Every structure is written in structure tokens, then in C-alpha cells.
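Visitor: Sharing a structure here in C-alpha cells format.
The values are calculated or read from the model by the stated rules, or taken from the named source; none is laboratory data. Bear in mind the structure is a predicted one, so any value in this text is a computation, not a measurement. A quick note on method: Cβ atoms are made from the backbone with ideal geometry, for glycine too, and the neighbour counts reach across all protein chains shown. Heads up: the accessible areas ignore ligands, DNA and RNA and are worked out on the full protein's heavy atoms, side chains in. Shrake-Rupley method; radii C 1.70, N 1.55, O 1.52, S 1.80 Å.
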Amino acid sequence: MKEQSTTKGFAILSAAGMIVKVLSLLYIPFLQHIITQEGYGIYGAANSVYVFIYVLTNSGIPIAISKLVSELTAVKNYKDAIRSFKMARFILLILGIVMSLFMIIFARPLSSAIKFKQSYLAILALAPAILFTSIASAYRGYFQGWGNMAPTAISQVIEQVINTIFTLAFAALLMRYGMEAGCAGGTIGTSLGAFFSASYLIFFYEKNKRIRVPKGYGEVSTKRYTSKQILKKIIDYGLPITICVGMTYAGNLIDVGNTKARLIVGGIAENEANILYGQLLKYQQLINVPIAIITSLATAILPAISSAVAINDRKQIKNKVRYAFRLCFLIAIPSAFGLAILSDPVYSLLKFGDGAYLMSTGAIVLVLMSVMQIQTAILQSIGRLYTATVYSIIGIVFKILVNYFLISVPEINIMGAIYGTIIGYTIPIILNHRTLRRTLGVKFKFLASSIKPILASVTMNITVFIAYGILNSLLRIVSGNYLSNLVACIVSIIIGMYTYLLSLVVLGGITRDDFNVIPSKIIRFIPKFIVNKLK
């Protein structure tokens, strides 16, 4: 099994994550055109149920596999690393079957519970995806534990490509039988994508099953574990992560019904409430594009820190933690600034309709989500599993309370969900930060570390605003509004990226060492005068 560096693994997962998220955005206008804006709200509600069941099944054990495999291989206990994977894979298979049956049996009660009864068929159609994703996630956790991110990345791209094609095809095919059938058709692609993804991972594993034991392994005295001890480790690692992520998505699921119910209390008609929820869903999906990079960073950093913890390398742990937070700010802050300034053009470009105001205000959520995701990954790697869970639950409680009161205010309505999310992330971030400082002794000041990325992002936004305004105005003379907006958006984003990079270099916010995370093929596109300024 070929092991990759943390930076290379991060780069591979980031590239795949971006491809997946961009594809997931591009089909939204077409799907919305097929099943209507109201239908997209129903489709999104069904997908929220699926995501909740998915994280209950797949969030904890795959991370436990990754953590266990990385820890055991760090101390050269290769046999138990393989045994732990096989045991966890069997558990995930059983869980996948049980939870798929649960979705089939309780599809109607679930659709009623979230106040979207029309989502019944869509929830039913998503049930097989749980089984296939549980199989896929076992293999992904195994490969990540070995430090090989390529199989995960390729499987994610396969899954999304199949999903995109068949989502649109089945939605169009079944829409003739009514909106509810069309929404169900739109979810069939998810199950097919998961099936092909799992098939690829199984094929890759079987082809590369033989593990090359490093030279001298036979001379090393290694502590072995019984099956009972391995099972206990899987549960000890996986359960708190499942609870933590499950509670977060439980909060999101409660928000589905809560948002619609509180909008109606505020005087909004049911079909309009469905449309507003669809706007919130599109905002969340757009936010998730840059978040994919942070997720990749968290995925790559967890086994790296776990390995350092296993051999008690304090210096390596601190270096990895500082690296993760620095990279988090360097990516999340400009992404938030960019989405805020280009919210209207991007929404027009993607044909999202109304809702750009959600992004212009709610882009800050991107930074908060990123920080909390890195904090949670670090806490999980150092064994503080239940700490992240408790703090996450506290944040969810505050989020639900804020949403409940603000969404029903007519002047605020759906924006209340944005304010609730901001508060729901801010509280656990503060609590996590205190815990990490006490546990690791790493002095990491958020404000000081974010100043240079913020200054560079402000410079970037000024440049983007001017470039977009001039380009769009000039292009409108010779082309239509959509084409001029498309070209102006793409060109101004490219200009903004170079402006941000140059500003960071001038401010000293990025060094030559930081460029190690960037693949050499991308570095070729960076002007030499910028590279030469690096210290």
C-alpha cells in the first residue's frame, strides 16, 4: 500500500472534493427546471433525512478504521491493522442493511415528522444508498488509515458523476407521473452513484490486497490485541464520533421541519415555505464547495496526528495542528469574502433564482464551519472524542432556539436560519479552542493568524468588484446578460485568485514551504515574479 504525505493526500482529496461539489452545483439548475422550485424544496427535505441516516451509519466507524489502522501501522502492528478493518467492515455491512430497511419501513412517518409528506417516495428511493455507502465508507477509512487518499478521491468522483447523470435522467422520466414521483426520480442517482463507488473500492482493494511488510518487521516485538480488544477500540473511537456528527445532523433535520413550521407561523404560505427552504438548501450547497477542501484537510490530518499520538511525538503533533489551522484560514477566509462579493453574479450564473442575500450575509458561516471541522478532527485524533460531541450538542441547542424564535419573525423569516447557524458554530468553537490550548499547550491565536488572510482578501475583493463591474458592463454591449455575467465572473475570479496570492506573499502570510501543498502542475500557472517574492 503506497503511503502519501499529508500534503499530497490533502491535495488529492481537495481536487476530488472540488470536482464533486462543482458537479453537485451544476446540475441544480437543470434539476430545479425539471421538478420546479417547490419540488426542489421537497427533494432537499428527503435528502436531509438521507444524510442524517447516512451519518448515523457511516460517520464514526470509518474514522475509527482510519484512526486504528494509522495507529497500529505506526507501531508496526500490521496484522491487527488488517483485522480491525475486517471487523469494522462487517459491522458497517450489518448497519447498512439495518438502516436501509429502517428507511424503507419508516419512510412515511419520517416524511410526516419533517413536515414534508410529499417527500415519502424520495426517502424510499434513497434507502439502497445507505447500504452501498456503508460498504464504500469501510474501504475509504482503511485506505485513509494507510495514508493513501487516491482511492477515496477517485471513488468520490465516480459516485458524483453517476449521481449527476442518473439524477437528471430519472427525474425527467418520472416527472410525468407527478411532482412527488419526479422528486423520487431525482434521488435514484444517489443510490446508483453509491453502488458504482463501492464497486470500484472493492475492486481496488482486491487488486492491492497484499500488504508489503517493511524490512525488519519480523525482528520487532509488537503488542497484539484480541478480537474483543479490537472491537472495544472500534466502539470507543466510533461511537462518540457517531454521536457528535449525528447530533449535528439531527439539529439540521429538526431544522427542516422547524424552518417550514416557523415560516408558516410567520404568515408564509406552505408552497412559499417550500421554496424558501429550497433557497436555504442552495445556499448550503454553495457553501459546501470550499468546505470540501477543509473536509479533505481534516480527513488527511486525522490519521497523521493519530500516528504522532501513537508514538508520543509531541513536536509532530503541534506542527500538524498549527499547519492545519494556518491552511484552514488561508483557504476559508478568501472563499467567504469571494462568495459574499459575488453572491448576486454567482446566483445568476447558476440560475439559483432568489436567495443571493443569504450568501452575502451568511458567507461567514463558511469560516466558522471550517474552524470547527478542523478542531473536531484534532480532538478526535488526540482521543478527546466525547469533548467534541458535548460541545457540538451545546451549539445545536442554541442554533435550534435561535431559529425557532427568529424564523417566525416576518421581517427576518429564512434569514433566522443563518443567524442561528452563526451562533450554533461560534459557541462550540470557543469551547473547543480552550480545550485544545489546555490539552496540547499550543498557543494558536485565531485573530492574529487571520489578519493577513483578511487583509489579502479585502484587497482581492476590491479588485474583483472593480474587474467584474468593468467587464460585465463592456461585455453587455456585445453579448447577452447571461454570457457577459459568465465571462465576467470567471475572469474576475481568476484575477481575484492571483491578487489574493500576491497580497499574501507581499504581507508574508505565505512562505515557500507552504507551496509544498500545491501540486507542481498548478504551480506552473503561478507567475514567476510571485514565486520569486516568496521567502
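Visitor: Could you identify the single residue in Ile364, Ile378, Ile382 that is more than 21 Å from the chain's Cα centre (by Cα) and closer than 21 Å to Ile294 by Cα?
Guide: None of the others qualify; the one that does is Ile382.
Visitor: Still on this structure, I have one more. Quick one: which of Ile394, Ile429 is touching a residue at least 60 places away in the same chain (Cβ under 8 Å) and part of a helix (DSSP H, G or I)?
Guide: Ile429
Visitor: If you don't mind, there's one more thing I want to ask. Limited to region 247-275, what total is found for residues that are surrounded by fewer than 22 Cβ atoms within 10 Å (Cβ to Cβ), in contact with a Ser or Thr (Cβ under 9 Å, 6 or more places away or on another chain) and closer than 19 Å to Ile422 by Cα?
Guide: Qualifying residue count, region 247-275: 4.
Visitor: I would also like to ask the following. Test of understanding: among Ile378, Ile412, Ile400, which residue is open to solvent by 20 Å² or more (accessible area, probe 1.4 Å) and assigned to a helix (DSSP H, G or I)?
Guide: Ile400
Visitor: Check Gly469 against each of (1) of a type outside the set (A, V, I, L, M); (2) under 20 Å from Ala336 (Cα atoms); (3) buried (at least 16 other Cβ atoms within 10 Å of the Cβ) and name the one condition it does not meet.
Guide: Condition not satisfied by Gly469: (3).
Visitor: May I ask you to say which residue of Asp344, Asp354 is surrounded by fewer than 19 Cβ atoms within 10 Å (Cβ to Cβ), at pLDDT 85 or above and out of contact with any strand residue (DSSP E or B) (no Cβ under 7 Å at 6 or more places or on another chain)?
Guide: Asp344
Visitor: Determine whether region 59-82 contains at least one residue that is under 30 Å from Ala45 (Cβ atoms) and modelled with pLDDT of 85 or more.
Guide: Among the residues of region 59-82, not one is under 30 Å from Ala45 (Cβ atoms) and modelled with pLDDT of 85 or more, which makes the answer no.
Visitor: For region 349-361, give me the residue count where each residue is out of contact with any Leu (no Cβ under 9 Å at 6 or more places or on another chain) and part of a helix (DSSP H, G or I).
Guide: 3
Visitor: Of all residues being aromatic (Phe, Trp, Tyr) and open to solvent by less than 30 Å² (accessible area, probe 1.4 Å) in region 321-341, which is modelled with the lowest pLDDT? Just the residue, please.
Guide: Phe325
Visitor: Give just the number: which of (1) closer than 16 Å to Thr361 by Cα; (2) open to solvent by 50 Å² or more (accessible area, probe 1.4 Å); (3) in contact (Cβ under 8 Å) with a residue 24 or more places away in the chain; (4) of a type in the set (Ser, Thr, Tyr) does Thr421 not satisfy?
Guide: Exception for Thr421: condition (2).
Visitor: Give the residues of region 477-488 that are closer than 18 Å to Tyr347 by Cβ and part of a helix (DSSP H, G or I), sorted by residue number.
Guide: Residues satisfying the conditions are Asn481, Tyr482, Leu483, Ser484, Asn485, Leu486, Val487, Ala488.
Visitor: Would you confirm, using the coordinates I've provided, whether Ile374 is modelled with pLDDT under 90 and either under 24 Å from Ile430 (Cα atoms) or not hydrophobic (A, V, I, L, M, F, W, C) (or both)?
Guide: yes
Visitor: Determine if region 308-318 includes at least one residue that is of a type in the set (Lys, Arg), assigned to a helix (DSSP H, G or I) and at pLDDT 80 or above.
Guide: No.
Visitor: Can you pull out every residue in region 219-237 that is out of contact with any Leu (no Cβ under 9 Å at 6 or more places or on another chain) and either at pLDDT 75 or above or open to solvent by 80 Å² or more (accessible area, probe 1.4 Å) (or both)?
Guide: Glu219, Ser221, Lys223, Arg224, Thr226, Ser227, Lys228, Gln229, Leu231, Lys232, Ile235
Visitor: Now for a separate question. Of the numbered conditions (1) aliphatic (A, V, I, L, M); (2) open to solvent by less than 50 Å² (accessible area, probe 1.4 Å); (3) part of a helix (DSSP H, G or I), Val491 fails exactly one; give the number of that condition.
Guide: (2)
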